[in-house]
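Student: Here you go, one structure.
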Amino acid sequence: MENFSELSMVYAAIYGGLILRTLIFFGCAWVFMNLFRGEVVDRSLHYYFLAPVRREVLVVGKYLSGLIATIVLFSITTVGSMFIYYFWLFPSESARFFFDGAGASQMLAYLGVTILACIGYGAVFLLVGLFFRNPIIPALLLYGWEWLNFLLPPLLKKLSVIHYLQSLVPVPMPEGPFAVLVEPTPAWISVPSLLLFTGVVLFLASLHIRRMEISYAGD
């Protein structure tokens with residue numbers, strides 16, 4: 001690549017297609033679905049239920065542990081990939097871009113999107129791991145739903161995590177000639193919407209685990 005001005009668009013494509021939709025999605029799926037499903041497979045979940053701790057607290061505690069792990073991992077991935085990509089190709093221009101230009105604000109914006117993705121996807125996959133004996137199929141269906149979001153009508157677009165995350169990225173990418181165009185949701189709506197959605201999902205998970213009976217048969 002010979003033009004430094006193109007790097008922002010290229011990195012936006014790398015972040016949206018590889019980091020956000022693939023690494024973070026499947027990373028959160030693996031971590032959060034196994035928070036409870038892994039305990040069932042290992043036949044150790046009953047030890048938690050025998051402890052003098054409310055099950056709702058157990059849900060929140062496990063969610064926070066997975067959230068911390070994924071935020072640390074994917075924040076390093078986001079920041080590290082951006083620095084490596086820019087400085088590897090254009091070291092002097094990149095130094096000015098990050099320290100005197102818009103680079104720092106873009107990096108913080110990508111970092112914020114990464115954190116919100118971990119928050120939203122984490123809650124979804126924790127719930128999937130609680131409800132489904134084989135969570136792989138629901139995870140793949142969710143993956144398809146998120147990837148095909150650009151084809152959905154405006155109302156259905158808002159029923160996905162990726163719609164709100166895309167509204168927050170600092171360098172928006174064109175979605176192609178077949179995309180159904182819709183105005184990005186403003187940050188003051190996107191961020192509270194994702195947090196509210198996460199709270200609702202964790203509430204549903206708490207209701208489910210409160211009534212959950214352990215059966216290791218077939219696991």
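The values are calculated or read from the model by the stated rules, or taken from the named source; none is laboratory data. Fair warning: this is a prediction, and the values are worked out from it, not measured in the lab. FYI the Cβ positions are ideal-geometry reconstructions off the backbone, even for glycines, and counts take in every protein chain you see.
Student: Within the group G80, G66, which residue is modelled with pLDDT of 95 or more, part of a helix (DSSP H, G or I) and exposed (fewer than 14 other Cβ atoms within 10 Å of the Cβ)?
Tutor: When all the criteria are applied, what remains is G80.
Student: A further question follows. Which numbered condition in (1) at pLDDT 90 or above; (2) within 22 Å of the chain's Cα centre (by Cα); (3) more than 29 Å from M9 (Cβ to Cβ); (4) not small (G, A, S) is the only one that R37 fails?
Tutor: (1)
A quick yes/no check of all residues on (1) at pLDDT below 85; (2) exposed (fewer than 14 other Cβ atoms within 10 Å of the Cβ); (3) among the hydroxyl-bearing types (S, T, Y):
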| position | (1), (2), (3) |
| --- | --- |
| V161 | no, no, no |
| E175 | yes, no, no |
| P184 | yes, no, no |
| S190 | no, no, yes |
| T198 | no, no, yes |
| L202 | no, no, no |
| H208 | no, no, no |
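Student: Please enumerate the residues belonging to the range 1-34 that are over 22 Å from the mean Cα position of the chain (by Cα), in contact (Cβ under 8 Å) with a residue 12 or more places away in the chain and part of a helix (DSSP H, G or I).
Tutor: Of the residues in the range 1-34, the ones over 22 Å from the mean Cα position of the chain (by Cα) are 1-7.
Then keep just the ones that are in contact (Cβ under 8 Å) with a residue 12 or more places away in the chain; that gives 1, 4, 7.
Hits for the range 1-34 are F4, L7.
Student: So, one more: Among all residue pairs at least 6 apart or on different chains, which show Cβ distances below 6 Å where the first residue, located in the range 46-75, is within 12 Å of I119 (Cβ to Cβ) and the second is small (G, A, S) and surrounded by 18 or more Cβ atoms within 10 Å (Cβ to Cβ)?
Tutor: Matching pairs, first to second residue: G66/G122; L67/G122.
Student: Does the range 83-96 hold any residues that are buried (at least 20 other Cβ atoms within 10 Å of the Cβ) and within 27 Å of Y164 (Cβ to Cβ), and which are they?
Tutor: If we filter the range 83-96 for residues that are buried (at least 20 other Cβ atoms within 10 Å of the Cβ), which is where we start, we get 86, 94.
Once the filter is applied, which keeps residues that are buried (at least 20 other Cβ atoms within 10 Å of the Cβ) and within 27 Å of Y164 (Cβ to Cβ), the range 83-96 yields only Y86.
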